[in-house]
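Structure provided below as structure tokens; questions to follow.
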Amino acid sequence: MNISEFQMFHRISSSLLSHLKLASAASMPDLCLLPVRTRLIINIFFFFFFFFFFDTPILSCPDQQKQALLLFKASLLSTTNSPNTSIPLFSSLDSWNSTSDCCQWDRVVCSSPDSRPRTVRGLNLYSLALRITDDPLPLDAKALVPLFTIRSLMLLDLSSNFFEGQISGAGFSNLSKMVSLNLMQNKFSGSIPPQFYRLRYLQLLDISSNLLGGALTADVKLLGNLRVLKLDSNSLTGKLPDEIGDLKMLQKLSIRSNKFVGEIPASIVNLKSLEVLDMRDNQFTMGIPSDIWTLSNLTYLALSNNKLNGTIPTSIQKMENLKTLELQNNLLGQYIPMWLFDMKGLVDLLIGGNLMTWNSSVTSLEPKCMLSRLSLKSCGLVGEVPEWISLQKGLNFLDLSENKLEGSFPLWLAEMNVGSIILSDNKLSGSLPPRLFESLSLSVLALSRNNFSGELPENMGDANSIMLLMLSGNNFSGRIPKSITKIHRLLLLDLSANRLSGDTFPMFDPGAFLSYIDYSSNEFSGEIPTSFPQQTRILSLSNNRFSGSLPKNLANFTFLKHLDLHNNNISGELPDFLYENPTLQVLSLRNNSLAGSIPEGISKLSRLHILDLSSNNLVGEIPTEVGELKGMVETPSTASSLSENFFNIFIEFNDLIVNWKKSTLGLATRPSLDIYALLDLSGNHFSGEIPASIGNLKGIKLLNLAYNNLSGHIPSSFGNLENVETLDLSHNKLSGSIPESLIKLQQLTILDVSNNELSGKIPVGGQMDTMNTPSYYANNSGLCGIQIQQPCPEDEQPTKQAEEEEKQEVFSWIGAGIGFPAGFVFAVLIVYISGYFNPRTPRRRIFRRSTRRGQ
């Protein structure tokens, strides 16, 4: 209690004593006559009475901070556009109300009750919004403004909220006492605010998994108390500053998945307290610093997926505390050093995907380390799977992909109960041992692109811990085992490019976790199967023998993003229910027997950015609603919406086949699902005019309307297709001229308008000057221009006039050339006749005569 509070207590207690004296005068003696000890006891009683009743605000957070927190909550609610306002999005903040002490609220940490005054020290505001859809609900970064007035904050965790907008540097500059700041997994954009470097008490800074760009500046050296710095999964560029070596107290430095370039700074070896160094997934070049071994406390060194060259420094073997060494997917060369297997403390060794090769002279090996993870991908391994691996009893992850391994699947490997086995892209053959699926540890099995054959083991479902099962590109035959539905944790199932057959399929539990299913390029028949979980996100059934109409059960897959049914024999009309799925991003139905027209409700597919309906029997006019597909209006995001990295394993999804730049090829599903927008309606029987609204689709890279019965003019709005690379309008009945607006298309590389009824001059300027392939303009009624070396009529008249003027000019010079010598000869002849050149005539006489005449 401070002096003013004590004075207030004294006045109130004296007043109450006076009132007590008056009220009890008739029934008890005067209080002033009470003994001193008794009066002291009464004073103490009143002291504690008023302490608990009037001193309560001292034990609670200041009203200003409380109001700031309430304003923050109100800002969240006002800036959130919820698709369902009846759902309590921020239920974790229900305890935040005006009638209670904010120090008692959830997610709020205050200073100890003994402190005066008590203030808010920490806010654990991670994952505030309830996830009601597959995609996170974005929050406006402006809602954070009230928090910047709570200057006593030392800990602030805003992770996993998906705040959008720039980080307010001015706001965070008010929080000068900040010790721990976690902004991980949001959508903050812009650059790292320079004010961050002024937070001198900061010990933890985590701004990973955002959309930040720019550079990490030399001012990072000002964060001298920093222990943890995490900048992962952003778009930070430039070189890592040498000043990073000034952070002498740093224990963890993680900058993976950015765009840092240049060599690893030599100053990195000054970080003697460093225990974790993660620089994966950048563009670092040159070699690994030879003095890296001086980081004696380092337990985790990850430099994978860069452009590092040279060799692995031999000094690394001195790092006795090192447990994890990740160097895969670089440009490191020479033979794989055998001393790596003598590092007794090593647990994880991932060195595949370099230019290093296995020394074929090493036929036997007895590692001194007991590895948990081993990657020798693309290391030139030949022969059978190395048997020395069987000595690694604790092995949990094995990647021997992209080698030249032969023989059958080793039985000893099946008996090791390894968690992840990746043997893709080898030459392994034979059938799979049933013993492999008796393992309860197996979570990843990747055997794609080998020569395995035979039927799939019936006991596959016994391995119920499998999450990723990839068996594509082999020669497996027969039916899919029914037991596969017992694998409750299965997320990804890829059985594509085999010889599997049948018209009945396993019935998965609707509530199962399976989300990626690829049965493409097999020999399946019958109706399109829909016996998949409701969580299905990618469904590829292309290149089979499926027939019948599109089943209505497809509408049950409310999370479906990718539906590929091309190259089958699907008939019937396009159903309306197909356009009721708001999550659909990719729809490929090319090369089937679909009939009818495109429903007007197609615009409901607001996220669709790849639509391929080519090579069907569709008729009618193209609805104007096609131009309202929002996923094609905006340039698709480069941020992948599909997870392709499970357990640090890169999963290469099968290609989506499209007509791209006049040839049929595959666009890899990742990342093309997000960065390409395509519209292909070619090879149908569409008629009528091309809707001008298609010009709104600024995000598309390919527009193919060829081989239809379209008429009318090419819309001038096509000049707004700023990202289009291929524009194919060939084999229609289009008339008029090619719009001048096409010269604005700076990305255009192919324009095909052949076999139409077009006329007039081909536009000149921009990329149109490079559209000079004559066959792309062939068979029109009257096209002309420099691109096809065909003069236009309007250009011929000025040419003839110029030729006439040139002829006249030449004639005048010829006349001058003839007239000058003729005139000269004529003049000489006259003079001669007059006697000037007659020797017999005296010159004086002539002179006199002429003189006389002149008189």
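The values are calculated or read from the model by the stated rules, or taken from the named source; none is laboratory data. Bear in mind that the values here come from a model prediction, so they are computed numbers and not experimental data. With ideal geometry, Cβ positions are generated from the backbone for all residues, glycine too; neighbour counts draw on all protein chains shown. Protein only, heavy atoms only, side chains kept; ligands, DNA and RNA dropped before computing areas. Shrake-Rupley method; radii C 1.70, N 1.55, O 1.52, S 1.80 Å.
Considering Lys177, Lys187, which residue is at pLDDT 90 or above and in contact with a strand residue (DSSP E or B) (Cβ under 6 Å, 6 or more places away or on another chain)? Step through it out loud before you land on a result.
Numbers: Lys177 fails: in contact with a strand residue (DSSP E or B) (Cβ under 6 Å, 6 or more places away or on another chain).
So the residue among Lys177, Lys187 that is at pLDDT 90 or above and in contact with a strand residue (DSSP E or B) (Cβ under 6 Å, 6 or more places away or on another chain) is Lys187.
Residue under question is Gly171, and the condition is that it be within 25 Å of the chain's Cα centre (by Cα) and either buried (at least 17 other Cβ atoms within 10 Å of the Cβ) or not in a helix (DSSP H, G or I) (or both); does it hold?
Numbers: within 25 Å of the chain's Cα centre (by Cα): no; either buried (at least 17 other Cβ atoms within 10 Å of the Cβ) or not in a helix (DSSP H, G or I) (or both): yes.
For Gly171, the condition - within 25 Å of the chain's Cα centre (by Cα) and either buried (at least 17 other Cβ atoms within 10 Å of the Cβ) or not in a helix (DSSP H, G or I) (or both) - is not met.
Can we say Leu346 is of a type in the set (A, V, I, L, M), open to solvent by less than 20 Å² (accessible area, probe 1.4 Å) and either under 28 Å from the mean Cα position of the chain (by Cα) or modelled with pLDDT of 95 or more (or both)?
Yes; evaluated as a whole, the condition is true for this residue.
Can you work out which of the residues in segment 63-105 that are part of a loop (DSSP other than H, G, I, E, B) and buried (at least 18 other Cβ atoms within 10 Å of the Cβ) is modelled with the lowest pLDDT?
Step one: of segment 63-105, the residues part of a loop (DSSP other than H, G, I, E, B) are 80-90, 94-101, 105.
Applying the additional criterion that residues be buried (at least 18 other Cβ atoms within 10 Å of the Cβ) yields 89, 96, 105.
Working: Leu89: 66, Trp96: 91, Trp105: 92.
Selected residue: Leu89.
Also, I was wondering about something else. Going through segment 515-530 one residue at a time, which ones are among the hydroxyl-bearing types (Ser, Thr, Tyr) and outside any loop (DSSP other than H, G, I, E, B)?
As a first pass, look at segment 515-530 and keep what is among the hydroxyl-bearing types (Ser, Thr, Tyr): 515-516, 519-521, 525, 530.
Those that are among the hydroxyl-bearing types (Ser, Thr, Tyr) and outside any loop (DSSP other than H, G, I, E, B): Tyr516, Ser525.
Yes/no per residue for (1) modelled with pLDDT of 95 or more; (2) under 18 Å from Asp494 (Cα atoms); (3) open to solvent by 30 Å² or more (accessible area, probe 1.4 Å):
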| residue | (1), (2), (3) |
| --- | --- |
| Leu391 | no, no, yes |
| Leu398 | yes, no, no |
| Gly407 | yes, no, no |
| Leu411 | yes, no, yes |
| Ile421 | yes, yes, no |
| Lys427 | yes, no, yes |
| Leu432 | yes, yes, no |
| Ser439 | no, no, no |
| Leu445 | yes, yes, no |
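Name every residue in segment 466-482 that is open to solvent by 20 Å² or more (accessible area, probe 1.4 Å) and farther than 17 Å from Ser448 by Cα, in order of residue number.
Matches in segment 466-482: Arg479, Lys482.
I'm checking my understanding of the structure. Among residues of segment 757-780 that are of a type in the set (Gly, Ala, Ser) and more than 40 Å from the chain's Cα centre (by Cα), which one is farthest from Asp795 (Cα to Cα)? Give the derivation first.
Step one: list which residues in segment 757-780 are of a type in the set (Gly, Ala, Ser), which gives 759-760, 765-766, 775, 778.
Checking which are more than 40 Å from the chain's Cα centre (by Cα) leaves us with 759-760, 778.
Details: Ser759: 15, Gly760: 11, Ala778: 21 Å.
Restricting to residues being of a type in the set (Gly, Ala, Ser) and more than 40 Å from the chain's Cα centre (by Cα), the top hit is Ala778.
Same structure, new question: Across segment 435-478, what is the total count of residues that are on the phi > 0 side of the Ramachandran plot and not in a strand (DSSP E or B)?
Quick first cut of segment 435-478, residues on the phi > 0 side of the Ramachandran plot only: 449, 454, 473, 478.
From the residues that got through so far, the ones that are not in a strand (DSSP E or B) too are 449, 473.
The total comes to 2.
Every residue in segment 155-165 that is open to solvent by 50 Å² or more (accessible area, probe 1.4 Å) and modelled with pLDDT under 95, please. Working first, answer last.
Step one: filter segment 155-165 for residues open to solvent by 50 Å² or more (accessible area, probe 1.4 Å), giving 155, 164.
Listed by number, the list holds a single entry, Glu164.
Every residue in segment 702-756 that is within 31 Å of the chain's Cα centre (by Cα), surrounded by fewer than 23 Cβ atoms within 10 Å (Cβ to Cβ) and part of a loop (DSSP other than H, G, I, E, B), please.
Matches in segment 702-756: Glu722, Asn723, Glu725, Leu745, Gln746, Gln747, Leu748, Thr749.
Residues in segment 222-268 that are open to solvent by 10 Å² or more (accessible area, probe 1.4 Å) and touching a helix residue (DSSP H, G or I) at 6+ places or on another chain (Cβ under 6 Å): how many?
Qualifying residue count for the region: 6.
Could I ask something else about it? So Ser296 passes all but one of these: (1) under 19 Å from Arg227 (Cα atoms); (2) of a type in the set (Ser, Thr, Tyr); (3) at pLDDT 95 or above. Which condition number does it fail?
Ser296 satisfies all of (1) under 19 Å from Arg227 (Cα atoms); (2) of a type in the set (Ser, Thr, Tyr); (3) at pLDDT 95 or above except (3).
Filtering segment 287-330 down to residues that are acidic (Asp, Glu) and either in a loop (DSSP other than H, G, I, E, B) or touching a helix residue (DSSP H, G or I) at 6+ places or on another chain (Cβ under 9 Å) (or both), which residue is farthest from Asp348 (Cα to Cα)?
Quick first cut of segment 287-330, residues acidic (Asp, Glu) only: 291, 320, 326.
From what is left, the residues that are either in a loop (DSSP other than H, G, I, E, B) or touching a helix residue (DSSP H, G or I) at 6+ places or on another chain (Cβ under 9 Å) (or both) are 291, 320.
Working: Asp291: 21, Glu320: 14 Å.
Ranking the candidates gives Asp291 first.
Can you name the number of the only condition in (1) out of contact with any Asp or Glu (no Cβ under 6 Å at 6 or more places or on another chain); (2) more than 25 Å from Ser191 (Cα to Cα) that Ile255 fails?
Looking at each condition in turn, Ile255 falls short on (2).
Scan Trp388, Trp412 and give me the residue that is under 20 Å from Ser431 (Cα atoms) and not basic (Lys, Arg). So that I can check it myself, show each step before the final result.
On the way: Trp388 fails: under 20 Å from Ser431 (Cα atoms).
When all the criteria are applied, what remains is Trp412.
Output yes when any residue across segment 586-596 is in contact (Cβ under 8 Å) with a residue 40 or more places away in the chain, farther than 17 Å from Gly548 by Cα and part of a loop (DSSP other than H, G, I, E, B), and no when none is.
no
Among the residues in segment 557-565, are any over 28 Å from Ala706 (Cα atoms) and either of a type in the set (D, E, K, R) or open to solvent by 30 Å² or more (accessible area, probe 1.4 Å) (or both)? Write out each step before concluding.
Here is the first cut: in segment 557-565, the ones over 28 Å from Ala706 (Cα atoms) are 557-560.
With the extra rule that they be either of a type in the set (D, E, K, R) or open to solvent by 30 Å² or more (accessible area, probe 1.4 Å) (or both), the set shrinks to 558-559.
The answer is yes, given that some residue of segment 557-565 is over 28 Å from Ala706 (Cα atoms) and either of a type in the set (D, E, K, R) or open to solvent by 30 Å² or more (accessible area, probe 1.4 Å) (or both).
Related question: Taking only segment 768-795 into account, find how many residues are crowded, with 17+ Cβ neighbours inside 10 Å and out of contact with any strand residue (DSSP E or B) (no Cβ under 8 Å at 6 or more places or on another chain).
First, pick out the residues of segment 768-795 that are crowded, with 17+ Cβ neighbours inside 10 Å: 768, 771, 776-777, 780, 783-785, 787-788.
Applying the additional criterion that residues be out of contact with any strand residue (DSSP E or B) (no Cβ under 8 Å at 6 or more places or on another chain) yields 787-788.
Qualifying residue count for the region: 2.
When Tyr519 is evaluated against the numbered criteria (1) within 28 Å of Asn567 (Cα to Cα); (2) touching a helix residue (DSSP H, G or I) at 6+ places or on another chain (Cβ under 6 Å), which criterion, by number, is the only one it fails?
Answer for Tyr519: the failing condition is (2).
Counting only residues that are assigned to a helix (DSSP H, G or I) and over 18 Å from Gly454 (Cα atoms), how many does segment 411-434 have?
Taking segment 411-434 and keeping what is assigned to a helix (DSSP H, G or I), we get 411-414, 434.
The next check asks that each one be over 18 Å from Gly454 (Cα atoms); those that pass are 412-413.
Residues that pass the stated criteria total 2.
Which residue, of Pro582, Pro636, is at pLDDT below 90, open to solvent by less than 40 Å² (accessible area, probe 1.4 Å) and farther than 18 Å from His685 by Cβ? First the steps, then the outcome.
On the way: Pro582 fails: open to solvent by less than 40 Å² (accessible area, probe 1.4 Å).
After applying the criteria, what remains is Pro636.
Follow-up. Counting just the residues of segment 796-810 that are among the polar types (S, T, N, Q) and open to solvent by 90 Å² or more (accessible area, probe 1.4 Å), which one comes out modelled with the lowest pLDDT?
Of segment 796-810, the ones among the polar types (S, T, N, Q) are 797, 799, 801, 808.
Checking the rest, the ones that are also open to solvent by 90 Å² or more (accessible area, probe 1.4 Å) come to 797, 801, 808.
On the way: Gln797: 61, Gln801: 52, Gln808: 55.
Result: Gln801.
Take the conditions assigned to a strand (DSSP E or B), over 19 Å from Leu325 (Cβ atoms) and within 20 Å of the chain's Cα centre (by Cα) and apply them to Leu212. Does it pass? Full working, then the answer.
Details: assigned to a strand (DSSP E or B): yes; over 19 Å from Leu325 (Cβ atoms): yes; within 20 Å of the chain's Cα centre (by Cα): yes.
Taking the combined requirement at face value, the residue satisfies it.
Can you name every residue in segment 508-530 that is of a type in the set (Ser, Thr, Tyr) and open to solvent by less than 20 Å² (accessible area, probe 1.4 Å)?
Taking segment 508-530 as the starting set, the residues that turn out to be of a type in the set (Ser, Thr, Tyr) are 515-516, 519-521, 525, 530.
Once the filter is applied, which keeps residues that are of a type in the set (Ser, Thr, Tyr) and open to solvent by less than 20 Å² (accessible area, probe 1.4 Å), segment 508-530 yields Tyr516, Tyr519, Ser520.
Sort through Ser424, Ser441 and tell me the only one that's out of contact with any strand residue (DSSP E or B) (no Cβ under 9 Å at 6 or more places or on another chain), touching a residue at least 40 places away in the same chain (Cβ under 8 Å) and among the small types (Gly, Ala, Ser). I'd like the intermediate steps shown before the answer.
Details: Ser424 fails: out of contact with any strand residue (DSSP E or B) (no Cβ under 9 Å at 6 or more places or on another chain).
Step by step, each of Ser424, Ser441 is checked, and only Ser441 is out of contact with any strand residue (DSSP E or B) (no Cβ under 9 Å at 6 or more places or on another chain), touching a residue at least 40 places away in the same chain (Cβ under 8 Å) and among the small types (Gly, Ala, Ser).
Take Ser360 and tell me if it is open to solvent by 40 Å² or more (accessible area, probe 1.4 Å), modelled with pLDDT under 95 and farther than 23 Å from Cys379 by Cβ.
Numbers: open to solvent by 40 Å² or more (accessible area, probe 1.4 Å): yes; modelled with pLDDT under 95: yes; farther than 23 Å from Cys379 by Cβ: no.
Spelling it out, it is not the case that Ser360 is open to solvent by 40 Å² or more (accessible area, probe 1.4 Å), modelled with pLDDT under 95 and farther than 23 Å from Cys379 by Cβ.
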